[in-house]
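I have placed the structure first, in the form of structure tokens, so that the comments after it can refer back to it.
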Amino acid sequence: MQKSKLILSLSTILLATTVLHSAQIYRPKLEKTVTNKLESYLSQRTEKDVLVWIYFTDKGFTTKEDLTRILAESPKVVSERSLKRRSKELKKGLNFQDLPLNKSYLTELQNLGVKVKKQSKWVNAVSSWIPREKISEIQNLPFVHKIDLVMRGKSITKETVESAKILKPTEQNSTNEFFLNYGQSFPQNDQINSIALHEAGFSGAGVLVGMFDTGYMTEHTAFSEADVIAEWDFVNNDSNTNYDPNQDGPTQFNHGTGTWGTLGGYEDGQLIGPAFNSSFILAKTEDVASELPVEEDNWAAAIEWADSIGVDVVSSSLGYKNFDNGFTYTPQDLNGDVAVTTIAADYAASIGIVVCNSAGNSGGQGASSLNHPADADSILTVGAVNSSGQIAGFSSRGPTFDGRTKPEVCAQGVATVWASTSGVNNFGTANGTSLSCPLVGGAAALLIEAHPEWTAMEVRDALMNTASQNQNPDNDYGWGIIDVEEAMSESPMTYPLPFDLVSPISAGVNAPFINFEWDWTEDSDGFSVTYTLKIADNPNFTNSTDYPGLTDTYFAATTNASYVWWQVVAVDIDGNERFARKAGGFTYVQTTQLSGDVNGDNAVTEADADMILEHIVGNKALTGAQLIVADVNQDSEIRVDDASAIIDGL
């Protein structure tokens, strides 16, 4: 155990050091502002407009003192959830990369007729389609560091092979010992040991997962209970990631629907993803129309957006390698420091996001057949195996150009069950590292649920250190097939165990007060916890009414809200908190409060007297509003007299 934790600490320090050094407050204007790649492109192509990155020298200041002052004065540019996630890392809080681009620079570009396509705070650049004759004007601007080509080409989504066979639901698992019916998705869960965590009560609850893909059939039954908190189409710049007949080809959402289902779908007897109870944000980052190449700036914009919301895990079944008409990243560029997507992925890891990315499906090309951003040094690049654990021939291999072993880990990517868009309740199988990646992404979400205190690198290292080839990694399997149960045991759990709300969950309540009830739980060492009941009129629990320090698993209370959201937080002796897996929400109509209606059934009966006597004799606690109505004679005490008063009144 000590050895494992030492490895985690060293890798975290290495990551922080690398990323901190890469953040340049000021980078001088290059002597040759137009890169060789862009220059070559312009000399060989005849298109009037070209898609370029315009990199800035700075953000309007040039010293560390200015940076410190501006960060202190800046309004909140990321969510509280993002800041909380970052607080676990060596690199805490806001950084240079979080600050917006300089407005005056953007204005000068606009005055030249430049229409910005995407902005990247992290790399301090904008992408834009510009007329080639404008390049000379732009390169002479004093704040332009360099101008480079935005890489465009075919992604690995088009190499994912879906079976035409539609799976039928199964009535039970291959063995009948598990409480969830995985159907034909049992092998892919069993191989990575996610079933053991499901049996222990973990399901990804409370973890926010970002899906980066082609689009999503959100009405599919696999997602009927999915908690989607945000979505954005980075291709068309709107909030619809579903199929849009006015914008999309008929297969646009196939790939994304499938990978999301593999990670977080839930349909009894068909498909259960490892993290079926996580919350999700959905990013549509590429157009799959055959005549349109994908553009890397969409992916970079998506991960900045995901961070701002507070994502914990990103599952990206995308990769960029075979670019437009020979203008491509070179093998030497596969070094973790060149591609924009790679740089963005590494920075995301440094601020606490577990980034999982497909290795690619170019294994037939042999060694070093990875895609970008799979060459990033701080992410989980995922290869594919079959259900027997044999490496898939198509799974891309390492090493990177600078000699690092890739992939990091593997999971099933052959005949993997996913959600099919051939029907809203159809399921099929597909082949590709696009399928193995979400299985690892789901496993990462399970680990964050079990270990909220772990950093992104600790999650990454736990999966690698416990994978099947951790003693002898190679460039086919990496560290091997993950074992999420073993990874969870890399260090003892310190937080309360998962639990659920009992009632009311969704049914309306018409009563003088509400009887809230939830499951009992304990901390990981078996010690008791206290509970905080939170009641609000909104799902974000803004300005909630809190009842802390509760020791029972029920509480009676009232509220003025007509629609009530409620949640319970278990708190152990060290102050570690775990929220119930899902919040409850229901309509509430407060009826006339009856004196003596202790059990809240809108009637005064002998049952109410019995509850008072149990409270006095049997030490059964009355809570909240119950105490008010139990004091029938209004002498500010709950005694036998109150029970007698109820009986006398009947």
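The values are calculated or read from the model by the stated rules, or taken from the named source; none is laboratory data. This structure is a prediction, so every number in the text was calculated from the model and none was measured. No Cβ is skipped: glycine too gets one built from the backbone with ideal geometry, and neighbour counts run over all protein chains shown.
Go through 384, 374 for me and flag whichever is over 21 Å from the mean Cα position of the chain (by Cα), touching a residue at least 40 places away in the same chain (Cβ under 8 Å), closer than 19 Å to residue 409 by Cα and surrounded by 21 or more Cβ atoms within 10 Å (Cβ to Cβ).
Of 384, 374, the one residue that is over 21 Å from the mean Cα position of the chain (by Cα), touching a residue at least 40 places away in the same chain (Cβ under 8 Å), closer than 19 Å to residue 409 by Cα and surrounded by 21 or more Cβ atoms within 10 Å (Cβ to Cβ) is 384.
Test of understanding: among 585, 600, 596, 575, which residue is in a loop (DSSP other than H, G, I, E, B) and farther than 20 Å from residue 650 by Cβ? Show your work before the answer.
Details: 585 fails: in a loop (DSSP other than H, G, I, E, B); 600 fails: farther than 20 Å from residue 650 by Cβ; 596 fails: farther than 20 Å from residue 650 by Cβ.
Residue meeting the stated conditions: 575.
Would you mention how many residues in the range 595-633 are acidic (Asp, Glu) and either under 21 Å from residue 560 (Cα atoms) or surrounded by fewer than 16 Cβ atoms within 10 Å (Cβ to Cβ) (or both)? Before the answer, list the steps.
First pass over the range 595-633, keeping only residues acidic (Asp, Glu): 597, 601, 606, 608, 610, 614, 631.
Still in the running and either under 21 Å from residue 560 (Cα atoms) or surrounded by fewer than 16 Cβ atoms within 10 Å (Cβ to Cβ) (or both): 597, 601, 606, 614.
Number of matching residues: 4.
Go through the residues of the range 457-472 one by one and say whether even a single one is over 21 Å from the mean Cα position of the chain (by Cα), more than 25 Å from residue 335 (Cβ to Cβ), among the hydroxyl-bearing types (Ser, Thr, Tyr) and in the same structural domain as residue 198 (by TED's automatic domain parsing).
Quick first cut of the range 457-472, residues over 21 Å from the mean Cα position of the chain (by Cα) only: 465-472.
From the residues that got through so far, the ones that are more than 25 Å from residue 335 (Cβ to Cβ) too are 466, 468, 471.
Checking the rest, the ones that are also among the hydroxyl-bearing types (Ser, Thr, Tyr) come to 466, 468.
Checking the rest, the ones that are also in the same structural domain as residue 198 (by TED's automatic domain parsing) come to 466, 468.
Checked against the condition, which is being over 21 Å from the mean Cα position of the chain (by Cα), more than 25 Å from residue 335 (Cβ to Cβ), among the hydroxyl-bearing types (Ser, Thr, Tyr) and in the same structural domain as residue 198 (by TED's automatic domain parsing), the range 457-472 yields at least one hit.
May I ask you to verify whether residue 103 is farther than 19 Å from residue 30 by Cβ, modelled with pLDDT of 90 or more and buried (at least 19 other Cβ atoms within 10 Å of the Cβ)? Steps first, answer last, please.
Values: farther than 19 Å from residue 30 by Cβ: yes; modelled with pLDDT of 90 or more: yes; buried (at least 19 other Cβ atoms within 10 Å of the Cβ): no.
Answer is no for this residue.
Here is a list of conditions, (1) part of a helix (DSSP H, G or I); (2) within 18 Å of residue 433 (Cα to Cα), and residue 467 meets all of them except one; can you say which number that is?
For residue 467, the failing item is (1).
From 468, 491, 528, grab the single residue that is closer than 27 Å to residue 355 by Cα and at pLDDT below 95.
Numbers: 468 fails: at pLDDT below 95; 528 fails: closer than 27 Å to residue 355 by Cα.
When all the criteria are applied, what remains is 491.
Inspect the range 262-270 for any residue being closer than 30 Å to residue 485 by Cβ, of a type in the set (A, V, I, L, M, F, W, C) and over 16 Å from the mean Cα position of the chain (by Cα) and give the result as yes or no.
Taking the range 262-270 as the starting set, the residues that turn out to be closer than 30 Å to residue 485 by Cβ are 262-270.
If we keep only those that are of a type in the set (A, V, I, L, M, F, W, C) too, we end up with 263.
Those still in the list that are over 16 Å from the mean Cα position of the chain (by Cα) too: none.
Checked the range 262-270: no residue is closer than 30 Å to residue 485 by Cβ, of a type in the set (A, V, I, L, M, F, W, C) and over 16 Å from the mean Cα position of the chain (by Cα).
Could you pull out the residue among 339, 289, 359 that is in the same structural domain as residue 212 (by TED's automatic domain parsing), surrounded by 24 or more Cβ atoms within 10 Å (Cβ to Cβ), modelled with pLDDT under 95 and over 24 Å from residue 79 (Cα atoms)? Spell out how you get there, then give the answer.
Numbers: 289 fails: surrounded by 24 or more Cβ atoms within 10 Å (Cβ to Cβ); 359 fails: modelled with pLDDT under 95.
Being in the same structural domain as residue 212 (by TED's automatic domain parsing), surrounded by 24 or more Cβ atoms within 10 Å (Cβ to Cβ), modelled with pLDDT under 95 and over 24 Å from residue 79 (Cα atoms) holds for just one of 339, 289, 359, which is 339.
Would you say residue 602 is touching a strand residue (DSSP E or B) at 6+ places or on another chain (Cβ under 6 Å) and in the same structural domain as residue 550 (by TED's automatic domain parsing)? Walk me through how you get there before you give the answer.
Working: touching a strand residue (DSSP E or B) at 6+ places or on another chain (Cβ under 6 Å): yes; in the same structural domain as residue 550 (by TED's automatic domain parsing): yes.
So residue 602 fits the description; yes.
Among the listed residues 513, 527, identify the single one that is outside the structural domain of residue 273 (by TED's automatic domain parsing) and touching a helix residue (DSSP H, G or I) at 6+ places or on another chain (Cβ under 6 Å). Walk me through how you get there before you give the answer.
Values: 527 fails: touching a helix residue (DSSP H, G or I) at 6+ places or on another chain (Cβ under 6 Å).
Within the list 513, 527, the selection yields 513.
Considering (1) charged (D, E, K, R); (2) part of a loop (DSSP other than H, G, I, E, B); (3) free of Cβ contacts under 8 Å to residues at least 12 places away in the same chain, say which one residue 614 fails and leave the rest.
Here residue 614 meets the rest and fails (2).
Yes/no per residue for (1) assigned by TED's automatic domain parsing to the domain that holds residue 590; (2) free of Cβ contacts under 8 Å to residues at least 60 places away in the same chain; (3) of a type in the set (Asp, Glu):
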| residue | (1), (2), (3) |
| --- | --- |
| 482 | no, no, no |
| 496 | no, no, no |
| 509 | yes, no, no |
| 532 | yes, yes, no |
| 536 | yes, yes, no |
| 541 | yes, yes, no |
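Taking the criterion of being crowded, with 20+ Cβ neighbours inside 10 Å, on the phi < 0 side of the Ramachandran plot and modelled with pLDDT of 85 or more, would at least one residue in the range 163-183 satisfy it?
Among the residues of the range 163-183, at least one is crowded, with 20+ Cβ neighbours inside 10 Å, on the phi < 0 side of the Ramachandran plot and modelled with pLDDT of 85 or more, which makes the answer yes.
Just checking, does the range 202-224 include any residue being of a type in the set (Asp, Glu), closer than 25 Å to residue 82 by Cβ and in contact with a Phe, Trp or Tyr (Cβ under 9 Å, 6 or more places away or on another chain)? Working first, answer last.
Taking the range 202-224 and keeping what is of a type in the set (Asp, Glu), we get 213, 219.
If we keep only those that are closer than 25 Å to residue 82 by Cβ as well, we get 213.
Imposing the further condition that a residue be in contact with a Phe, Trp or Tyr (Cβ under 9 Å, 6 or more places away or on another chain) reduces the set to 213.
Yes: one or more hits.
Looking only at the range 218-270, which residues are part of a strand (DSSP E or B), touching a helix residue (DSSP H, G or I) at 6+ places or on another chain (Cβ under 6 Å) and surrounded by fewer than 20 Cβ atoms within 10 Å (Cβ to Cβ)?
The answer is 230, and nothing else.
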